[in-house]
Amino acid sequence: LYIPFLAGWGKLEDQWKFRIFPGFRTGGSRSAQIQEPEQPKTPPFTAAHTAAEEQMKAFSAIVNPALRSLLFLWFHSSFFATLLNEWQYHIPKALYLSIPGGTAECYLTELLSFNNEAIVPLSADPAEFCRHLAGCKDHLLLVRETDVGKSCLKNLEQLSAAQNTGCVHLPGDNTVPFHALSVVLGREDSPLGEWTEMVLIYMEKGDFDLTLCEQLCSDGFKAEYWSALAAYTEQHISDLQRCLQQGGISARRVADDLELSTDCGSVLGVLRGVASFLTEFYTSVSLSLGEVIGDTWEDELIQALVTSSCRPELTDGLAELFAKAARKLIREKKLALYQWGQSWTQQPPYGAVYRSTEAYAFDRAAFQAICLETDCDPAAVKRELARRGLLKGKRTNAASYTTRLSARNAYGQRRYLQVYSVDRQLIDVPGEPSPELS
């Protein structure tokens, strides 16, 4: 029988207190001796000010303000998970991050890991994965996507059930609360990001200062920061409730106007409330939260929620819209067109396309440019192309929409490209000549 022993937020004599185990941990491991949790020491003003400055700096490698705002607020919302659940502000979704490379993944793993908590592979044994769900409290549950298999699907179902119900069902009919928020570190083109329980966020290399990412990867855990935030929250618990209430009311109006789902409205409301409360906390240590999330973060965040599959999208006709825009950009020479197996010597500014007798293959930049031209969500376009069997070639892996293309440039140098290979019959128009090669 697995019985997790936890710290974090709890009521002591009708007052909310934040407590920790040694090492600033909120969860006790199975091998650790059961101990009584204690409250962290409140740092003096100067230490709290410095720790908050360092926390802001840690997020500075994310140069895209919308993504920086979203991750900053999601990360902090996880610290209040128990309080959110207690007050019926439960977030029923996980954040799915499609990460562009290893440097960004290393940085995000360090950034979002609370006190170096282990990241959980999605392919973990389901019983072990369940224990992680039960033992995670008042910090992010970090999950790394792995190849799709029976364990992955089982664990996704467990994660979805925990988020929807707020409970973890342990073996032996034992049930414990789920007091955490989740982030899945995924990869480009994975179908897992399309689960309705995910808020899907596409990231690009340009969203990060990769040099700064490498410098900040080993910055370490800032216990003084969380101690200061915990002490402030204990003293201003009614202010947190007020901010969440106001955030929920305003978010419902936005959700109604944009026809967002109730779940997405809940996400927006919580993040708005947490943003208001953190603004007050940062003011208390003589800092401005605007240096992290800017003055227009709400508009950017709303757009991110809308474009991240937070509401069902109609996909009928997306393939034809994609084909029409592809023909237009190729004929206008905005996209460079090459014969299959040949490649560019200098990177085309808007992307490259490769043509064979059976398909047109678009590199990532070209695919994004076409979707931008049509004002369509790239994820929705990929789903529609896959659903209609219009994607050609062997998939890069079991959880990808791309295929691999081997090509040589004018100097005979070989490169292997990941491309979206689309049926040529969709792109070419009968009776019209095919576009000329670059």
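The values are calculated or read from the model by the stated rules, or taken from the named source; none is laboratory data. Nothing here was measured: the structure is a model prediction, and the numbers come from that model. Quick reminder, even Gly has a Cβ in these numbers, built from the backbone with ideal geometry, and neighbours come from all protein chains shown. Quick note on the areas: whole protein, heavy atoms, side chains included, nothing else; ligands and nucleic acids left out. Shrake-Rupley method; radii C 1.70, N 1.55, O 1.52, S 1.80 Å.
Worth a mention:
- Looking across the stretch 328-373, just one residue is buried (at least 18 other Cβ atoms within 10 Å of the Cβ), modelled with pLDDT of 90 or more and of a type in the set (Lys, Arg), and that is Arg355.
- Restricting the stretch 214-230 to residues that are modelled with pLDDT of 90 or more and either more than 17 Å from Phe114 (Cα to Cα) or aliphatic (A, V, I, L, M) (or both), the residue that is surrounded by the fewest Cβ atoms within 10 Å (Cβ to Cβ) is Ala223.
- Within the stretch 130-156, tally of residues that are in a helix (DSSP H, G or I) and either open to solvent by 30 Å² or more (accessible area, probe 1.4 Å) or farther than 23 Å from Leu70 by Cα (or both): 11
- Unique match (being more than 30 Å from Leu210 (Cβ to Cβ) and among the polar types (S, T, N, Q)) among Gln88, Gln55: Gln88
- Unmet criterion (only one of (1) under 19 Å from Tyr416 (Cα atoms); (2) touching a residue at least 40 places away in the same chain (Cβ under 8 Å); (3) part of a loop (DSSP other than H, G, I, E, B)) for Tyr360: (3)
- Residue among Arg383, Arg404, Arg424 that is basic (Lys, Arg), without any contact (Cβ under 8 Å) to a residue 24 or more places away in the chain and in contact with a Ser or Thr (Cβ under 8 Å, 6 or more places away or on another chain): Arg404
- Qualifying residue in the stretch 251-263 (condition: surrounded by 21 or more Cβ atoms within 10 Å (Cβ to Cβ), at pLDDT 80 or above and farther than 20 Å from Asp377 by Cα): yes
- Selection of the stretch 419-438 for residues being in contact with a helix residue (DSSP H, G or I) (Cβ under 6 Å, 6 or more places away or on another chain), surrounded by 20 or more Cβ atoms within 10 Å (Cβ to Cβ) and not β-branched (Val, Ile, Thr) yields Tyr420, Pro435.
- When residues of the stretch 161-177 are limited to those that are of a type outside the set (A, V, I, L, M) and touching a residue at least 60 places away in the same chain (Cβ under 8 Å), the one surrounded by the most Cβ atoms within 10 Å (Cβ to Cβ): Gln163
- Criterion applied to Ala118, Ala127 was being in a loop (DSSP other than H, G, I, E, B), of a type in the set (A, V, I, L, M, F, W, C) and open to solvent by 10 Å² or more (accessible area, probe 1.4 Å), and the one residue passing it is Ala118.
- Residues of the stretch 150-187 satisfying the condition of being touching a Ser or Thr at 6+ places or on another chain (Cβ under 6 Å) and farther than 21 Å from Ala81 by Cβ: Ser151, Cys152, Gly186
- Helices (runs of 4 or more DSSP H) within the stretch 232-304 that include 3 or more residues free of Cβ contacts under 8 Å to residues at least 12 places away in the same chain and over 16 Å from Ser69 (Cβ atoms): 237-258
- Residue pairs whose Cβ atoms lie under 8 Å apart, sitting 6 or more positions apart in sequence or on different chains, and linking a residue in the stretch 204-227 that is under 16 Å from His76 (Cβ atoms) to a partner that is open to solvent by 60 Å² or more (accessible area, probe 1.4 Å) and modelled with pLDDT under 85, are Phe221/Asn116.
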